1. Which of the residues that make up segment 1-32 are at pLDDT 95 or above, of a type in the set (Gly, Ala, Ser) and under 18 Å from TYR59 (Cα atoms)?
2. What residue, among those in segment 1-54 that are without any contact (Cβ under 8 Å) to a residue 24 or more places away in the chain and under 19 Å from ALA100 (Cβ atoms), is most open to solvent (accessible area, probe 1.4 Å)?
3. So how many residues does segment 20-39 have that are closer than 15 Å to GLY55 by Cα and basic (Lys, Arg)?
4. Restricting attention to segment 55-80, report how many residues are under 14 Å from ALA98 (Cα atoms) and aliphatic (A, V, I, L, M).
5. Return the residues of segment 55-73 that are farther than 16 Å from PHE37 by Cα, small (Gly, Ala, Ser) and surrounded by fewer than 16 Cβ atoms within 10 Å (Cβ to Cβ); say none if nothing qualifies.
6. Considering only segment 1-51, give the strands (runs of 3 or more DSSP E) lying wholly within it that have at least 3 residues that are in contact with a Lys or Arg (Cβ under 7 Å, 6 or more places away or on another chain).
7. Return a yes/no flag: does segment 28-45 have any residue that is in contact with a strand residue (DSSP E or B) (Cβ under 9 Å, 6 or more places away or on another chain), of a type in the set (S, T, N, Q) and more than 18 Å from VAL125 (Cβ to Cβ).
8. Considering only residues of segment 105-127 that are closer than 16 Å to ILE70 by Cβ and assigned to a loop (DSSP other than H, G, I, E, B), which is most open to solvent (accessible area, probe 1.4 Å)?
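The values are calculated or read from the model by the stated rules, or taken from the named source; none is laboratory data. Just so you know, these numbers come straight off a predicted model, no measurement behind them. FYI the Cβ positions are ideal-geometry reconstructions off the backbone, even for glycines, and counts take in every protein chain you see. For accessibility, only protein heavy atoms count, side chains too; no ligands or nucleic acids. Shrake-Rupley method; radii C 1.70, N 1.55, O 1.52, S 1.80 Å.
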Amino acid sequence: QVQLVESGGGLVQAGGSLRLSCAASGRTFGSRGMGWFRQAPGKARQFVAAINWSGGSTYYTDSVKGRFAISRDNAKNTLYLQMNTLKPEDTAVYYCAADALIGAGNIATIATRYNSWGQGTQVTVSS
């Protein structure tokens, strides 16, 4: 288990930007893939983006490609999600999560691969 705390959420107008951060504690952060998920009211939790342990490989759900960018700084034990050109449909609680598999070369896009989750941060995009 790795402890995760998200921050950076808030209220923005459509077309605006936010950068979410996920601060991790634990010695294995740099060996685990990381992901961002989101959940809107009444909806299932949805995969957003993921990054492998080294940061050399990323993957995004189609709806955010070209707008969001996931990155990590292993020296700071921090995961980021830069969100640009935000749309009202991006409104959700955003969660960061750590892949259960240490040193995995592939990227996990399903929630069951992740065994550590943050508390979530609210992102609201107004029209």
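1. Matches in segment 1-32: SER21 only.
2. Selected residue: ARG27.
3. 1
4. Adding up the residues that qualify gives 2.
5. Listed by number, the residues that qualify are GLY56, SER57, GLY66.
6. Qualifying strands (runs of 3 or more DSSP E): 32-39, 46-51.
7. The answer is yes; a qualifying residue exists.
8. Going through the qualifying residues, I end up with ASN106.
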